[in-house]
Every structure is written in C-alpha cells, then in structure tokens.
1. As an exercise: evaluate LEU166 against (1) open to solvent by less than 70 Å² (accessible area, probe 1.4 Å); (2) in contact (Cβ under 8 Å) with a residue 40 or more places away in the chain; (3) farther than 30 Å from SER53 by Cα; (4) not hydroxyl-bearing (Ser, Thr, Tyr) and give the number of the one condition it does not meet.
2. Among the residues of the stretch 506-541, which ones are open to solvent by 40 Å² or more (accessible area, probe 1.4 Å), farther than 20 Å from LEU118 by Cα and touching a Lys or Arg at 6+ places or on another chain (Cβ under 6 Å)?
3. Answer yes if at least one residue in the stretch 75-86 is within 25 Å of the chain's Cα centre (by Cα) and of a type in the set (D, E, K, R), and no otherwise.
4. Give the residue, chosen from SER82, SER23, SER32, that is at pLDDT 90 or above, among the small types (Gly, Ala, Ser) and within 26 Å of LYS130 (Cα to Cα).
5. For a quick check of your reading of the model, give me the residue pairs whose first member lies in the stretch 510-533 and is assigned by the TED database to the domain that holds ARG368, whose second is assigned to a loop (DSSP other than H, G, I, E, B), with beta-carbon atoms closer than 8 Å and at least 6 apart or on different chains.
6. Restrict the check to the stretch 25-38 and report whether at least one residue is aromatic (Phe, Trp, Tyr) and buried (at least 21 other Cβ atoms within 10 Å of the Cβ).
7. Keeping to the stretch 170-197, report how many residues are farther than 22 Å from LEU152 by Cα and either without any contact (Cβ under 8 Å) to a residue 40 or more places away in the chain or open to solvent by less than 40 Å² (accessible area, probe 1.4 Å) (or both).
8. Does PRO353 qualify as being part of a loop (DSSP other than H, G, I, E, B) and closer than 21 Å to SER285 by Cα?
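The values are calculated or read from the model by the stated rules, or taken from the named source; none is laboratory data. Computed from a predicted structure; not experimentally measured. All Cβ positions, even for glycine, are placed from backbone atoms using ideal geometry, and neighbour counts span all protein chains on display. These accessible areas exclude ligands, DNA and RNA; they are computed on the full protein's heavy atoms, side chains included. Shrake-Rupley method; radii C 1.70, N 1.55, O 1.52, S 1.80 Å.
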Amino acid sequence: IEIYSLHVDCKVTSRFAHTIITSKIVNRDNESREATFEVELPKMAFITNFSMSIDGKVYPGIIKEKASAQKEYNAAASRGQSAGLIKITGRKLEQFHVSVSIAAASKVTFELMYEELLQRQLGKFELLIKVGPKQLVKHFQIDVHIFEPQGLSFLETNSTFMTNELTEALTNVQSETKAHILFKPTVDQQKVNPELYETLLNGDFVVRYDVKRAATAGDIQIVNGYFVHYFAPREMPVFPKNIIFVIDRSGSMTGRKIEQTRDALLKILQDLGPEDHFTFITFNSKVVEWKSSLLQATAENVASAAGFVQTLSASGGTDLNGALLTAVTTLDGAKRLPERSVSMIILLTDGQPTSGESNVEVIQENIRKAVNGKYALFCLGFGFDVSYKFLEKMALSNGGIARRIYENADAALQLQGFYQEVATPTLMKIEMQYPENAIEGLTKNNFKLFFEGSEIIVSGKINSELDVLPVEIKAQSHTGDLTLKEEANIKEKEQVFQNQSYIFGNFIERLWAYLTIQQLLEKSISAQEEDQKTLEAQALELSLQYSFVTPLTSMVVTKPTGQQQMELANKPTEAG
C-alpha cells in the first residue's frame, strides 16, 4: 500500500482556519489490501466533511443527529461494534482513523475537511498541523495561506522534525496582511538517511503569529451581513490579584505529583506582583489554612510562603467541599485589599471528593451559592482519576475555566503555563454593546475578565439596512471605568474580502456558527437540566445546518459492499 500523494491545504482568514487533507493511496499488490487514513486534528476543531473515492466512486460521510446515526448504525452493524472513528490522542489532539479494503492495483482518495477558530493565548495564535505519514511520500505538500486584514505583526514556523535538508523545502512568502507558507520536501529530503526508506516526517508543524492592533475598540470585519469583532487592548495596567491556592494533599498526590506541585508553586510565588495578595489552603480529610487571611506579596511574605510550600506532603482523604468553602469565607472576610482588584480561587486536585461532603452535585451547588458571582474559580484536574466533568461544571458556573494537567515530566510547567494565562487581568466586567434592533444571533457579549495576551471575540448577523455599525465597549480597568466607541463602515468592511480570491465567501457566517455552537455547548455544561435541553437543541440545529461534527452529531461513513458497511465518527469530549 503506497501513499503517493499527501496534501495539507490550510487557509486561515481572520483567525478562522479551514483545513483540507487529501491522501491518495494505491494498492501495488496483486491482492486486496487495507488502506488506512489517519489524521490527528486539534480538539477545538470541528470536522465538516469527509469522503473516500475508490476507483472513481465517491463514498461521502453524512452528518446526522447522534442518536439517529447510532440507531442506523446498530441496525446495519452485523459484524460487531467498531470502536468509532475518532479518539482523543493527546493534550491538544484527537485522531480520525478510517480503513477501507481496496482491490489489487486500485486507488483510493481520502479527503477530510475541518474548521476551527484560532484562540489567542499568551500573545499569539497557533496553528497546529500534525504530520505522520509513516512512509515516504512521492508528492508531499503543506500549504498554509494566512490573510489577516489587520496586518501580521509577527509570524514564525517551527516543527519538531526539521533538519537542515528539510529547511530547504520550506518557503515563506509574506506581505503586510498575507503569508503563504509552503513545505514541499522531495523523497530524498524526507529520508532519515539515504540508505533507509524511513521518513523524518513525524511530529508537529506549527505556525504562530499575531496581528497588528491599532484601534482601541478592537477590529470589526464584515462579510455577507455577518460581522466579527475582535477586541484585545494593549498596554493596559494589570489589576492587583487576590489569589487563594487550594491544594489537594490527599494520599493520591504522594510522590511525583506533590513534588511537581511544590516546584510549580515556588515558581508562581516568584511571579506574584508587589500589589498582589495571596494565601494557601491545603486539604486532605482536614482543611488547613496557611494563614487566617490573605497576605500582601512582599519579599518577606513570599519567602515565608516558599518555606511552607517546601513542607507540603501528601496523605489522607479529600475534603474538597470544605476547602473551597473555606477559601470563599477567607475572601469574603478579607480586609485591606486593593479597592480595584481581581479575586480568584485556583483549585488543584487529582481525585474524587471522599471526606466531608462527597456528593458532587451538592458540592457544586454549595460552591455556586457561596461564590455567588463575586470571584472566579479555576479548577485544575491532575491526571485521569479526577471527574473532569465535575470540575468543569464547577469552574464554568463560577466565572472560571477547567484544565487537565497531564501526569508527565512537564506537569510543573503546565501548572505555571496555566498561571501565566490568568496572571494578568487588565479589564473586568466587559460589555460589548451593539444596536439592539439591528443585530440577531449575537454571541456572548459580556465577559467577566480580560487577560493580557488573550482576545475577546463577538459575532452576529446584521439584520437591517445599516450603513454603519456602531459599537460601544464598557469595562472597568485598574485606573477607572472605560468607554470605547467605534463605528464600522459596512460597505468598506465588506470590500476588504471581496478581492481575495482564495477565501471562502461565507467564512464569517461559518465562524459565527462555530463560535455559537462552542458557546452553547459550554453554557449547557453548567445549566439546569431543562435549559440544557434547549441549549443542546439549538447547538444541534446549527451543527446540522452548517455540517459540523460536534458532540451532538455523528458522521456516518459508508464503505463499499462486502466490508463493514458503516462506521461512525463521534466527537469525543475532555469530560469523556
């Protein structure tokens, strides 16, 4: 079985990435063989199309509602259940895998299409393309086209498998608003060494970039009546933070986990600003406060905290409820905190609650009532014994996010990396306002916090005959209340994309649908049951309308007669 052509074609238009992977395979044997198509794609992406064409006959993947696809599959599956075509394979990736039997001398072309909205993290956008053909490929090519009307402020490409020879196969042509990155290694350049038929191409091919930002009220782009508004203010003063670290030291944290937690906390202590206030609460079956109140991050207090962190050891049960309630009480009773400051609780745990209150639903409700919108709660789940679903619901119900920390050698770096993302809040209570009667289907437009290096994105449909779209942003900054105003000339904005030949015309509409689905799914995690059904129904309708494989839809892949007739591609979620 020979892959004679593999082409990755990625077009990024204003953060929205549209990727098509085409693999052409021939069976050089004189009997039937299994041809496999295996692609790793970002977890945040939605597959939007897949097809196999075998000797000129096309077998398309059809996207349907999950339950009805499963029903259809169960009826057709005579030869046992298959494992499904998509599984999570790493921190950022999931794998799509399909095999088909092809006759001697036959050819098959696989084509997979997926889309994702790139999220700005720590000041850059990252486009990740996973490469691993497992054999030398005669025609191998990666094309990345980027068009950012705001202009590119920097762009870098790196990969985990580059050699000097392979660097010669990489070109980058760049103008102020566009870049075309082409990677086209010959068969010889792909070889580990001239004698062996082994390929070097195995790993990550990454493009990172950021855009120029001039307007204070962000940047608005409009295509076919849909708009997207990007807001990432620069050089704003950072709010002082009041942080309580709530650290699990139950028996399961023993050994490497508690060591890595100590290492990370020691580094994080060094990063606290002089205006920040902090304290630690550790818990097993007992809840222990390091101090009874928050302390200012003076050199002396930080040194004293470092001494405490070095003594952390692990044993006993897990009273997560008690620990979090203690944290809320401590923040409620805090005196002498800076008037304009951001209060947050960062929880790190590696297991299920076993001591005190252990019913997760009761805990979620207790914490939601106690926090009552006053503070942001971030939940870090260490390893795979935690109920990620529980942590995610708790974080999202309290203005924060959840993250999984993987039990690898770099766990301490993962913890520090997460802290850096939330270490620099520059705005709070951000309201993005648009003319009420002129916009429909507006995505989320109120945000609790904005962190330096991230980006706020709002999208919607302009439903009236406006010439100008007025925008008003209200927010609180460290120095005072802020109001920013901007007007976008709709005709001028539409013009920007009209003469760009390689852009797909309705990309902002698809971006709007993608963002709306992601937000509906996220909202449904922390919603009450009846609201959950409504949110999921809306997300399902959009998933089907725009043909996205989301956790609510399945793609049904049919195969030629005589093989397992049908397989399902279901999108996995972090919560399992």
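1. So the condition that LEU166 fails would be (2).
2. Within the stretch 506-541, just ILE525 meets the criteria.
3. Scanning the stretch 75-86, I find no residue that is within 25 Å of the chain's Cα centre (by Cα) and of a type in the set (D, E, K, R), so the answer is no.
4. SER23
5. Nothing qualifies.
6. First, the residues of the stretch 25-38 that are aromatic (Phe, Trp, Tyr): 37.
Now drop any that are not buried (at least 21 other Cβ atoms within 10 Å of the Cβ), which leaves 37.
Yes, the stretch 25-38 contains at least one residue that is aromatic (Phe, Trp, Tyr) and buried (at least 21 other Cβ atoms within 10 Å of the Cβ).
7. Qualifying residue count for the region: 11.
8. Here the answer is yes, as PRO353 does meet what is asked.
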